[in-house]
Amino acid sequence: MRPSPPPSIVVLTGAGISAESGLRTFRDAGGLWENHRVEDVATPEAFLRNPALVHAFYNQRRAQLREVRPNAAHLALARLEREWSGDFLLVTQNVDDLHDRAGSRALIHMHGELLKVRCAFCSAVHPWEGGTGPETRCPACARSGGIRPHIVWFGEMPLEMDRIGDALERCDLFVAVGTSGNVYPAAGFVGQVPAGARTLELNLEPSSVSSRFSEQREGPASVLVPALVEELLG
Ligand code: APR
Ligand code: ZN
């Protein structure tokens with residue numbers, strides 16, 4: 001009898017995994033959406049209406065990245081990827097680079113990345129250089145005025161959904177860390193895993209979709225994630 005393959009794991013993270021690194025979440029007290037209206041800084045219409053304001057909002061968030069570091073939760077997920085013998089995929093809603101800096105490589109930024117920009121004319125994606133703004137010329141098509149943050153705004157399609165869907169349909173363990181379950185499609189991922197898959201939510205408090213998980217653990221990600229990784233790696 002052939003031994004069964006090691007379980008396949010998909011982990012979804014939200015702003016809560018970066019909170020203990022010092023990055024604000026969106027919907028907690030003091031969150032980003034308390035100080036900014038989404039429709040002013042995080043929609044395609046906002047960018048058409050006032051590109052300078054949108055660039056300023058993201059430049060301010062980029063500047064914060066220089067002051068923060070990955071925390072124990074980011075590092076534990078990178079370790080799990082390295083040491084896990086089965087399939088592993090980390091999907092983050094976060095646009096910060098803390099998973100990347102922690103060493104995660106099997107990583108999808110489904111809402112884009114703060115440190116990249118995209119050309120609205122030719123869709124080429126480029127690393128963000130300091131001072132990128134509305135007049136920056138696109139290195140690929142040489143047109144200016146079309147460079148925008150490589151961020152998926154409200155009303156736009158998240159990235160790599162096919163690859164994410166394939167991984168969810170095959171996974172044996174789905175873990176959601178630090179996400180409020182308020183934004184789809186990520187909030188619906190727990191419903192895309194096979195019947196019988198283990199589903200685990202790690203959060204400071206119940207989310208909008210907690211009832212759809214087979215297990216919930218309440219506490220800070222920097223404690224819960226390393227403990228889970230220890231359990232999984234044995
Ligand atoms: N440890 C674990 N969970 C935490 C911690 C922590 N230290 N701090 C906060 N949380 C949890 C909160 O309880 C909440 O459930 O993190 C979640 C943060 O929720 P949101 O602020 O809604 O962030 P997120 O779920 O990532 O938002 C999803 O919404 O605005 C859009 O594109 C944006 O990607 C974002 C998406
Ligand atoms: Zn271009």
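Report, by residue number, each residue of the stretch 107-139 that is hydrophobic (A, V, I, L, M, F, W, C), part of a strand (DSSP E or B) and either within 16 Å of ligand 2 (Cβ to nearest atom) or in contact with a Phe, Trp or Tyr (Cβ under 8 Å, 6 or more places away or on another chain) (or both). Walk me through it before giving the result.
Looking only at the stretch 107-139, we keep the residues that are hydrophobic (A, V, I, L, M, F, W, C), and these are 107-108, 110, 114-115, 117, 119-122, 124-125, 128, 138.
Filter once more, keeping what is part of a strand (DSSP E or B): 107-108, 114-115, 117, 119, 125.
Passing the criteria: L114, L115, V117, C119, V125.
Could you tell me how many of the residues in the stretch 124-164 are on the phi < 0 side of the Ramachandran plot and away from ligand 1 (no atom under 16 Å from the Cβ)?
The number of residues fulfilling the criteria is 23.
When the residues of the stretch 11-69 are narrowed to those that are in contact with a Ser or Thr (Cβ under 9 Å, 6 or more places away or on another chain), polar (S, T, N, Q) and assigned to a helix (DSSP H, G or I), which ends up modelled with the highest pLDDT?
S18
Any residue that is more than 16 Å from ligand 1 (Cβ to nearest atom), touching an Asp or Glu at 6+ places or on another chain (Cβ under 9 Å) and farther than 22 Å from R148 by Cβ - is there at least one of those in the stretch 106-121?
Checking the stretch 106-121: at least one residue is more than 16 Å from ligand 1 (Cβ to nearest atom), touching an Asp or Glu at 6+ places or on another chain (Cβ under 9 Å) and farther than 22 Å from R148 by Cβ.
Please work out which one of (1) within 16 Å of ligand 1 (Cβ to nearest atom); (2) crowded, with 16+ Cβ neighbours inside 10 Å; (3) of a type in the set (A, V, I, L, M, F, W, C) is the condition V38 fails and give its number.
V38 satisfies all of (1) within 16 Å of ligand 1 (Cβ to nearest atom); (2) crowded, with 16+ Cβ neighbours inside 10 Å; (3) of a type in the set (A, V, I, L, M, F, W, C) except (2).
What number of residues within the stretch 181-224 satisfy the criterion of being touching a strand residue (DSSP E or B) at 6+ places or on another chain (Cβ under 8 Å), touching a residue at least 24 places away in the same chain (Cβ under 8 Å), over 21 Å from A76 (Cα atoms) and not aliphatic (A, V, I, L, M)?
Number satisfying all stated conditions: 4.
This table checks each residue for (1) away from ligand 2 (no atom under 16 Å from the Cβ); (2) among the polar types (S, T, N, Q); (3) surrounded by 20 or more Cβ atoms within 10 Å (Cβ to Cβ).
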| residue | (1), (2), (3) |
| --- | --- |
| V175 | yes, no, yes |
| G178 | yes, no, yes |
| A186 | yes, no, yes |
| F189 | yes, no, yes |
| R198 | yes, no, no |
| P206 | yes, no, no |
| S210 | yes, yes, no |
| S222 | yes, yes, no |
| L232 | yes, no, no |
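Could you look through the stretch 73-106, keep only residues that are hydrophobic (A, V, I, L, M, F, W, C) and in a helix (DSSP H, G or I), and pick out the one that is farthest from L233 (Cα to Cα)?
In this case the residue turns out to be L98.
The values are calculated or read from the model by the stated rules, or taken from the named source; none is laboratory data. As the structure is a prediction and not an experimental result, all values here were calculated from the model. Backbone-built Cβ (ideal geometry, glycine too); neighbour counts: all protein chains shown.
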